[in-house]
Amino acid sequence: MLGRGPLWPSSVLLLLTLSPYLLLNASVVVTFHIAQWPEGILQRAGDYLTISCYQNYSNFAYMFWYQQLPRSGLKLIVSSTSWNSSSYGDGYSEAKFEVKRQNTDYSLLTIKNLTPKDEATYFCAASDHTVGTKLTVMGKNDEIIPPAVAIFSPSKQEIQQKSKATLVCLASGFYPDHLTLVWKVNGVKRTEGVGTDESSTKNGSTYSLTSRLRMPAWEWFNPLNRFECVASFFQNGTTQSINKFIHGDAGE
């Protein structure tokens with residue numbers, strides 16, 4: 001999808017290369033497909049350009065867009081989630097790089113008001129989770145505040161319309177911003193269908209973090225199933241955990 005702006009001299013035509021190759025998590029097997037288009041485009045300054053990305057593995061909650069300037073390394077433009085949460089890299093903003101996650105499979109990146117500085121190769125990537133090392137530095141006199149953890153039942157509307165059920169785990173009122181959420185089903189860690197916010201939300205002097213577990217409706221309508229959310233945080237030099245659980249619905 002190309003937008004046309006005012007006509008410019010040919011000296012300000014832009015050549016943008018859109019890579020058809022996608023960066024995948026190392027654990028992903030080659031049967032998963034991911035594609036990006038267009039592969040290359042010559043565009044005028046002042047126009048806009050929309051790049052499309054498709055991946056066929058619905059459990060990949062995260063999709064990413066990267067920019068590689070000539071003779072430079074990759075830089076993260078933006079990451080998006082299947083629950084419509086976006087996080088921009090340093091130096092990038094929605095005003096210039098607008099991302100739309102139409103559904104789990106598709107992501108659209110629109111680059112607005114093109115200039116010669118936008119000449120680059122753009123990459124799309126997909127993953128079921130993100131990895132990294134997070135450093136949190138507390139003040140010498142700061143105290144650790146454990147979270148309050150709650151699980152919320154699926155919405156009836158989602159079950160009726162999509163035959164899916166999503167549990168929501170909310171950890172709130174904790175400090176510092178150094179906490180992880182893990183789902184377990186019948187005592188076994190579950191990663192499929194799990195989506196956790198990339199970063200905590202600050203509420204005054206404390207933080208909150210949300211994680212979702214999506215499953216087929218039939219799995220929720222089994223009262224023998226136990227769904228558990230585990231919040232882990234550091235306290236007194238060790239990892240402490242707070243567990244909350246809910247059983248499946250017996251139905252009517």
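The values are calculated or read from the model by the stated rules, or taken from the named source; none is laboratory data. In this text the structure is predicted, and so the values were computed from the model without any measurement. Cβ sites come from the backbone with ideal geometry, for glycine too, and all protein chains shown count toward neighbours. Only protein heavy atoms, including side chains, enter the accessible area calculation; ligands, DNA and RNA are left aside. Shrake-Rupley method; radii C 1.70, N 1.55, O 1.52, S 1.80 Å.
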Checklist entry - How would 144, 111 rank on accessible area, largest to smallest, probe 1.4 Å? => result 144, 111
Checklist entry - At a Förster radius of 30 Å, what calculated FRET efficiency corresponds to the Cβ-Cβ distance of residue 184 and residue 162, to the nearest 0.05? => result 0.80
Checklist entry - When ligands, DNA and RNA are left out and all protein chains stay put, how many square angstrom of accessible area per residue does region 160-249 have with a 1.4 Å probe? => result 53 Å²
Checklist outcome for this item: Flagged as over-length at 27 Å C-alpha distance, from 156/244; 75/244; 75/112; 156/189; 202/244, the pairs are 75/244
Item to check | Neighbourhood net charge (14 Å Cβ-Cβ; Lys/Arg +1, Asp/Glu -1) for residue 96 | outcome: -2
